[in-house]
Structures are given as C-alpha cells and as structure tokens.
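Below is one structure, written out as structure tokens; the observations come after it.
The values are calculated or read from the model by the stated rules, or taken from the named source; none is laboratory data. The model shown is predicted, which means the values in this text are computed figures rather than measured ones. Every residue, glycine as well, gets a Cβ built from its backbone with ideal geometry; the counts of neighbours run over all protein chains shown. Note: accessible area is taken over every heavy atom of the protein model, side chains too, but ligands, DNA and RNA are not part of it. Shrake-Rupley method; radii C 1.70, N 1.55, O 1.52, S 1.80 Å.
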Amino acid sequence: MLEAIREIRLGDSTTLVGICYGNVYVDGEGGQLGDRGSVDDHKILSVKKDGELCSIEIEGFIHKKAGETVDIEIDIRRRRDISVQHTAQHLLSAVFDRELGARTVGFQMGEEYSTIDLTISILTDEMQELVEKISNSMIAENRGVGIEMMPGDTAGKLDLRKAISEKVVESGKDVRIVTIEGIDKSACGGFHVESTGDLRVLKIIKREKVKGDLIRIFFVAGERALLDYGRKHGVLVRASSTLSCGFLDLPGRVDSLVEEVKEAKASLRKLSERVAETVARELNLTDGETIFVEDSEEVVSLIPKYLEKKEYLFAGKFGDRVLLSSKGFDCGTIVTYLRDKLEVKGGAGKERGQFIFSGDSSLLKEHIHEAAVNLQKAGEKSESKDSTQ
C-alpha cells in the first residue's frame, strides 16, 4: 500500500518514517505485537505511536522527503498469527473467568508465546487441565467470532467480560466489540480470527506466581502450538533414545539418574577430601612457603583445609581458573602483581582470591613465586603472620 510521508528522520543505520496513525499496527497496542514487513523494500524493525503519527523504524536509509510516498508491504502471515494468539487470549481468559472466577488483569503477546495474569492465588494441574480442555473443545466446535462497532453508551450496557470506562461511555465514540459465541464479549481493537476453529489448538505451556496473588499463564495457539509440540516431541525422542526407554518411562528414568548423580557427587566429595588431605600432608613436609598444585576443582579447593604450615601461599589451578589461599601473605597484593605481569582477570581479599589465567602453568608458577619473594623482601606480608607467632 502507498502511504504519504508526514515526517522522516535518518538515524545511524536506520530511518524513521512517520505516516498517518492507524494504517499500521504499533508494537504493544492492546497487548499485541505490531506489524512487520517492509517499507520500500527496507525491513521494518519496529512500529511506534508518535503523537498523531505512526513512526516506522526501518533498516537502512530512505532518501525521501515529507510529502512523498512510500510503498509499505505488511507481513500478512504475521498478522494472521497475531489474530490467532489474540483470539486465543480472549477464549482462555473467558474460560478461566467462567470456570474458576479468575479475571484477566494483564495480557502480553510475545514473539514465541503470550501471557495472561490472573486474579487467582492457587492453580493446580487439574484446574489448569480443565480450562485447557474446555478451551480446546470450544475450538473444535468452531464457534463464531464476531466484530461489531457500536456507540460507547450502547456498549456500556452490554455484559462485557471487562466493563468499559465511564469516560469511553460518555465520549460518544464508537467502541469495537469482539464476541466469541456463547462464551465471551469484550471491547477490543486488535486482530481476531473469524471462528474459534481457526485457532486449531491451544496449549498452556507453563505458569508461575507473580506479584501479589496473581498467577501468570504462558500459552501458545495455532501454528505456534504445533511448532511447540514438534520441538518438544523431538526432545523426547532424543531423550528416550539416549536413555533407552519409552516416553512414559522418562520421568522415572530421569528421577533415577538424578539420584545416581547425587550419590556420585557425594562419593566424589569423599574421594576429593581423601586426595586433598593426602596431598596436603605431603606439602606440609616440603620446604618452601609457595605452593602450586594443578588438579580438579574439588581437590584444589579442599587442600588449604588441611595445610598446617605456619606460613604459606597456595595456588591451585584447574582449567583456566586459579584459587589462592594464604597464611602470612596478602592475596590481594599477589593478584595485583600478577595482573600487571600476566594480565590475569580476577580479584582477592587478604586470605582468599581467584583469577583466570589460560597461559603456561610454569610461567604462572614462576611469577607467583616471584611475587611471594618480593613481598618477603618488602616486608609486606599480611597481618596474619603476627597472629601465628
């Protein structure tokens, strides 16, 4: 469609094109998504309301002036998806209201899923399944979805799911009423399908508690629901193949594996304790205050627990991470020295520290020893030295 430019501004790598408000749907209006597509073959990035203008942000530059025209191509498939998700929200909200007395006080449509916030403090699996089952039965019945414009004072007398404000009633302006046969009647300016059968299927994918006594429902409908099912089916197929069990056996198999992992972690902890104690015993017998060990994270983190030296600087390396522990040395000073010499990334307090170093371990060991020697020469050991004397 051709639209006259009312205003145009160039950004760093985008163009803002202002046209008459109302021909292109803006982002977030009525809780739904805005239009996408192209303007003179440039991709639409966002659509916002800017006073009486519709401000369309597009990729790249259009070198035109106010008064000239642009050719806007709207993504009709996206509009179709928006209409499906929006009608699904009306249906779902109506069923929650009728069956559980849970009113919808918030709606947000996203690119992957949509949400509604409900005035209900407890929602069990059985309650959720009931609402989903009834909603899908109404989809199967292919109930009609009607749209009618009427004066505000007339609309105000209708039994709407959410009453319109007195301001709207008294304004004299027409109100757009969307009706789902036998279940819902609401004031709404968004996209909608012609009948519930167009939704194909509705699926609640999760729920969570939000502020106050509200529960947020996440849902998908139509093509989104089929894509969601396809992705999850693929995950189940791979999981059941990997674990050599059927779909229905997966929960039990996963629970069993979780217990096995817990037991393995407990055993690993005990073994790591033994290894750390053994290594520390040997280190206690060696000369020198600077200690450098490479091992697993579990072992190096436990070794300082068993060190009995009156004074030491311990560095335990696992992968590219290094843990510092000391008695009589300031780890913060050590890390500052290493940051200057080796550009390590991390931090430390007086007795503990950690940093990242992915270079040669022998070089790191050399600089740690050098840092410790320099501290000794400068007499800058930590106050903990005095407490051990």
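What the table shows:
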{"item": "Residue identified as touching a Gly at 6+ places or on another chain (Cβ under 9 Å) and not in a loop (DSSP other than H, G, I, E, B) among Arg238, Arg216, Arg207, Arg231", "result": "Arg216"}
{"item": "Candidate set from the range 139-163 (those that are assigned to a strand (DSSP E or B), under 36 Å from the mean Cα position of the chain (by Cα) and not small (Gly, Ala, Ser)); member that is surrounded by the fewest Cβ atoms within 10 Å (Cβ to Cβ)", "result": "Ile147"}
{"item": "Evaluation of Glu208 against (1) without any contact (Cβ under 8 Å) to a residue 12 or more places away in the chain; (2) crowded, with 16+ Cβ neighbours inside 10 Å; (3) touching a strand residue (DSSP E or B) at 6+ places or on another chain (Cβ under 7 Å) (one fails), failing number", "result": "(2)"}
{"item": "Test for Lys270: is it out of contact with any Cys (no Cβ under 9 Å at 6 or more places or on another chain), of a type outside the set (Phe, Trp, Tyr) and closer than 30 Å to Val300 by Cα", "result": "yes"}
{"item": "Meets criteria (touching a Ser or Thr at 6+ places or on another chain (Cβ under 9 Å) and crowded, with 18+ Cβ neighbours inside 10 Å) for Lys317", "result": "yes"}
{"item": "Condition check for Ile82: within 26 Å of the chain's Cα centre (by Cα) and open to solvent by less than 20 Å² (accessible area, probe 1.4 Å)", "result": "yes"}
{"item": "Residue count, the range 323-343 (criterion: without any contact (Cβ under 8 Å) to a residue 24 or more places away in the chain and open to solvent by 50 Å² or more (accessible area, probe 1.4 Å))", "result": "4"}
{"item": "Among residues of the range 271-300, those that are in contact (Cβ under 8 Å) with a residue 12 or more places away in the chain and open to solvent by less than 60 Å² (accessible area, probe 1.4 Å), counted", "result": "15"}
{"item": "Ala4, sole failed condition from (1) open to solvent by less than 40 Å² (accessible area, probe 1.4 Å); (2) at pLDDT 90 or above; (3) over 30 Å from Glu223 (Cα atoms)", "result": "(2)"}
{"item": "Given (1) of a type outside the set (Phe, Trp, Tyr); (2) modelled with pLDDT of 90 or more; (3) under 31 Å from the mean Cα position of the chain (by Cα); (4) over 29 Å from Ala221 (Cβ atoms), index of the condition Gly11 fails", "result": "(2)"}
{"item": "Number of the condition not met by Asp81 [criteria: (1) modelled with pLDDT under 95; (2) touching a Lys or Arg at 6+ places or on another chain (Cβ under 9 Å); (3) acidic (Asp, Glu)]", "result": "(1)"}
{"item": "Wholly enclosed strands (runs of 3 or more DSSP E) of the range 1-112 bearing at least 3 residues hydrophobic (A, V, I, L, M, F, W, C)", "result": "14-20, 42-50, 53-59, 69-74, 104-109"}
{"item": "Among (1) more than 17 Å from Ile215 (Cβ to Cβ); (2) within 24 Å of the chain's Cα centre (by Cα), the one test that Leu123 misses", "result": "(1)"}
{"item": "Any pair with Cβ under 6 angstrom, 6 or more apart, that starts in the range 169-189 at a residue that is free of Cβ contacts under 8 Å to residues at least 24 places away in the same chain and ends at one that is in a helix (DSSP H, G or I)", "result": "Val169/Gly152; Val169/Asp153; Ser171/Gly152; Lys173/Gly152"}
{"item": "Residue check for Leu92: open to solvent by 30 Å² or more (accessible area, probe 1.4 Å) and of a type in the set (A, V, I, L, M, F, W, C)", "result": "no"}
{"item": "Gly346 vs. criteria surrounded by fewer than 20 Cβ atoms within 10 Å (Cβ to Cβ), within 34 Å of the chain's Cα centre (by Cα) and at pLDDT 90 or above", "result": "yes"}
{"item": "Condition met for Leu283 (assigned to a strand (DSSP E or B) and not aromatic (Phe, Trp, Tyr))", "result": "no"}
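Per-residue answers, yes or no, for (1) farther than 23 Å from Gln354 by Cβ; (2) touching a Cys at 6+ places or on another chain (Cβ under 6 Å); (3) hydroxyl-bearing (Ser, Thr, Tyr):
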{"site": "Pro251", "(1), (2), (3)": "yes, no, no"}
{"site": "Ser256", "(1), (2), (3)": "yes, no, yes"}
{"site": "Lys265", "(1), (2), (3)": "no, no, no"}
{"site": "Glu289", "(1), (2), (3)": "no, no, no"}
{"site": "Ser301", "(1), (2), (3)": "no, no, yes"}
{"site": "Gly328", "(1), (2), (3)": "no, no, no"}
